[in-house]
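*Asks:* This is the structure I want to talk about, given as structure tokens.
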Amino acid sequence: MKLVLVAIHTDNSPRALPLGPAVLASVLKGSHPTEVESRILDFYLGQNAEACADRILESNPDAVGFSMYVWNRIFSLEIAAVLKARRPQLLVFAGGPEATADVQGVRAEAPIDFVLPGEGELIIVEAVDRLLMGATPAELNAWAIPTPVKDISTLPSPFLDGTLDLANYTGVLWELSRGCPFTCDFCFEARGPAGTRRIPIERAAAELECFQASGIREVFVLDPTFNYHKPQAKAVLRLIAEKAPRLLFFFEIRSEFLDQEMAKLFAALPCTLQIGLQSAHDKVLRNISRTFNPKDFKAKIMLLHQMGVPYGFDLIYGLPGDSLQGFRESIDFAMSMVPNHLDIFRLSVLPGTRLADTAPGLKLNYDPKNPYSVISSPTFSADDMAQAERIAGACDVLYNHGKAVPWFDLVLTALDMTPAEVFERFAETLEGASTDDLTRLQRDFVRGLFHEREDTLMGNLAADLITYFGTMAELLDAPDSGATAFRKVAFHHDPDALIAQLQAGHADLEELVFAVPMKPCEVVLRRMGDEVRLELLPA
């Protein structure tokens, strides 16, 4: 049997590694070494479905399987329809969270022959056995029920057995455990098998050595709560420091399980942490089976802050019981801890979650089709949801993409505005504006806020700060070659004096106005390795 396993990614980024299909291919390599020939294909949203079908059919497969998630369901079904139109006898099936949560819907929307729900490793082996013995798609649909892998240490590693050639990738997805001990209503993970299951530390060590030797640069740890089991988490962090100290790691953690030792271990690694805040209101979070202690949260985040560990937060708008004003307050709470980034999402009522069961009682109005976005609730009108979406978009552009961390709080204090107010104002600026030159857009926006207060001097100094930090970020993010290695920019104030004051720890805009003399000039900011140097041009 020739089998093609398809992974559809959001984009061609370091996260675009087909881990799910690769594990299935590894399992089939062990269970059916001669009967099954597996091929893994990577596709991306935005590609042409006909062209994707061409690639799939190149190897003349007998069966094609799609790993289906919320973000790729529509495109997966579009490709499936093309395949069946061209080759009606081809077996096309689906698995993954989205197919598991909506088996009948997936089969009804496209000519999918059968769905393999739940964790795929055991069920695909038996499905192949049945197909080889002549089972029909109808028989497979009647038989297929989720079959959890009780001991994931029994699964082969696609990194170690050669299934995945890491030379083709710049990053990897790394699964250390499965399952989540929490029962958040909006999350599909909460409906999986109870408890967590972990791979042995010996296998983790071998995989880390493989990553380090391969040339990949980034590792995305898939565990939904990496630090839940504190001894295990600390052991892994020590192992990373020993085996792969030069790779950049991304972790999802819960603040409750942080302590000083763990913060120190994170600080010893190139890493960034993502923390699911969701809302700053305990009353709101209790509606989705979560609780929140703001004092404890701030204290735990301070451990990371003091150690210099980069971290970001997730927020969700549209949660049952929340409102636009409550969402604004959550933004302000999150931003008070100076996160590296703030990722904001509209609530989705995913099929198969407890929230899908309770949504009618909560009177959540949401799109019943993918991506299942909440439209309104009794406390969050459709107009308010639209405004929250604009605020979220403004935060993403101004703060996240604009890398505003070095200057945002300083400017905010001088303006005497809340973060939510600034994002709301920037949302107005974004309408019809180009983001091609984001540093200029930020600079003009902030200077405009000061000009409204008739404070041109402070507005110009704030513009210089944004020019300096924004241009540095552009240079450090760009390839270190040719025209991208330097920028010529204008300053209103003496740039050498401004940088000296910042390096001395002076971070009050009002004080800087008096300490930094006006000196309109042009400078060149030039990247030299991992540093950016400033050269003053002759007047």
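We did not get these values from a lab; they are worked out from the coordinates using the rules stated. Keep in mind it's a predicted model, so treat the numbers as computed, not measured. Using ideal geometry, Cβ is built from the backbone for each residue, glycine included, and neighbour counts are taken over all protein chains shown.
*Asks:* Nothing charged except the Cβ atoms of Lys and Arg (+1) and of Asp and Glu (-1): what's the magnitude of the dipole of the chain about its Cα centre? Round to the nearest 20 debye.
*Replies:* With only Lys, Arg, Asp and Glu charged at Cβ, the dipole is about 1080 debye.
*Asks:* For the residues 322, 409, 455, what sequence is obtained by ranking on other C-beta atoms within 10 Å, fewest first?
*Replies:* 409, 455, 322
*Asks:* Let me ask something else about it. Per-residue counts of other Cβ atoms within 10 Å, averaged by peptide: what ranking do you get for 108-115, 509-516, 90-97, highest first?
*Replies:* Highest to lowest by the protection proxy: 90-97, 108-115, 509-516.
*Asks:* Compute and list, largest first, the equivalent-ellipsoid semi-axes of region 438-536 from the alpha carbon gyration tensor, each √(5λ) rounded to a whole angstrom.
*Replies:* After diagonalising the Cα gyration tensor, the semi-axes are 24, 15, 11 Å.
*Asks:* Please give the Cα centre distance for region 208-243 versus region 263-339, rounded to the nearest Å.
*Replies:* Taking the Cα centre of each part, region 208-243 and region 263-339 sit 23 Å apart.
*Asks:* Could you quote the convex hull projected area for region 165-400, Cα atoms only and averaged over all directions, in nm²?
*Replies:* 13.3
*Asks:* Under 11 Å from a point 7 Å along the Cα-to-Cβ line of residue 87: which residues of region 41-64 have their amide N that close?
*Replies:* 53-64
*Asks:* Report relative contact order for the chain in percent, whole number only (criteria: Cα-Cα under 8 Å, sequence separation at least 6).
*Replies:* 8
*Asks:* Equivalent ellipsoid semi-axes for region 2-143, as square roots of 5 times the alpha carbon gyration tensor eigenvalues: give them largest first, rounded to whole Å.
*Replies:* They are 21, 17, 15 Å, listed largest first.
*Asks:* What is the magnitude of the charge dipole of region 370-423 about its Cα centre, with +1 placed on the Cβ of each Lys and Arg, -1 on the Cβ of each Asp and Glu, and no other charges, expressed in debye to the nearest 20?
*Replies:* So the magnitude is around 180 debye.
*Asks:* In terms of Cα to Cα distance under 18 Å, which lysines are near enough to residue 300, apart from those fewer than 8 places away along the same chain?
*Replies:* Correct list for residue 300: 230, 234, 264.
*Asks:* Taking the Cα centre of the chain as the origin and placing charges on Cβ (Lys, Arg +1; Asp, Glu -1), which of 142, 504, 405 is farthest toward the positive end of the dipole?
*Replies:* Checked the options; the winner is 142.
*Asks:* Could you name the lysines whose alpha carbon sits less than 18 Å from that of residue 84, not counting residues in the same chain fewer than 8 places away?
*Replies:* 2
*Asks:* Residues of region 323-359 with backbone nitrogen within less than 13 Å of a virtual label 7 Å along the Cα-to-Cβ line of residue 396, please, listed as ranges.
*Replies:* 342-347
*Asks:* Then there's this: For the chain, what does -39500 (n - 2.57) per DSSP helix run (n ≥ 4), summed and divided by total residues, give at 222 nm, in deg cm²/dmol to the nearest 500?
*Replies:* Rounded to the nearest 500, the figure is -13000 deg cm²/dmol.
*Asks:* Follow-up question, since we're still on this one. Can you tell me the FRET efficiency between residue 108 and residue 373 if r is taken as the Cβ-Cβ distance and R0 is 22 Å, rounded to the nearest 0.05?
*Replies:* 0.60
*Asks:* Check residue 376: other-chain or 5+ apart residues with amide H under 5 Å from its amide H, H built from backbone geometry?
*Replies:* 365
*Asks:* Farthest toward the dipole's positive end in the chain, which of 292, 513, 539, given Cβ charges of +1 (Lys, Arg) and -1 (Asp, Glu) about the Cα centre?
*Replies:* 292
*Asks:* Of the cross-linked pairs 243/403; 488/519; 298/403, which ones have a Cα-Cα span greater than 25 Å in the structure shown?
*Replies:* Going by Cα-Cα distance, 243/403 fall outside the 25 Å limit.
*Asks:* If the cut-off is a Cα-Cα distance under 27 Å, which lysines reach residue 363, setting aside same-chain residues fewer than 8 apart in sequence?
*Replies:* List returned: 283.
*Asks:* I've got another one for you. Neighbour counts of other C-beta atoms within 10 Å: give me 367, 165 arranged from fewest to most.
*Replies:* Values: 367 12, 165 9.
Listing 367, 165 from fewest to most nearby Cβ atoms yields 165, 367.
*Asks:* Please express the shape of the chain as an equivalent ellipsoid: the semi-axes are the square roots of 5 times the eigenvalues of the C-alpha gyration tensor, given largest first in whole angstrom.
*Replies:* Working from the Cα gyration tensor, I get semi-axes of 45, 27, 24 Å.
*Asks:* Here is a follow-up. Share of antiparallel DSSP beta bridges in region 165-400, in percent to the nearest 5?
*Replies:* Antiparallel: roughly 20 percent of the beta bridges in region 165-400.
*Asks:* To check you understand DSSP bridge types, tell me what percent of the beta bridges within the chain (both residues inside) are antiparallel, rounded to 5.
*Replies:* 30
*Asks:* In addition: With no other cysteine's Cβ closer than 4.7 Å, which Cys residues of the chain count as lacking a disulfide-compatible partner?
*Replies:* Flagged as lacking a Cys partner: 52, 180, 210, 271, 395, 521.
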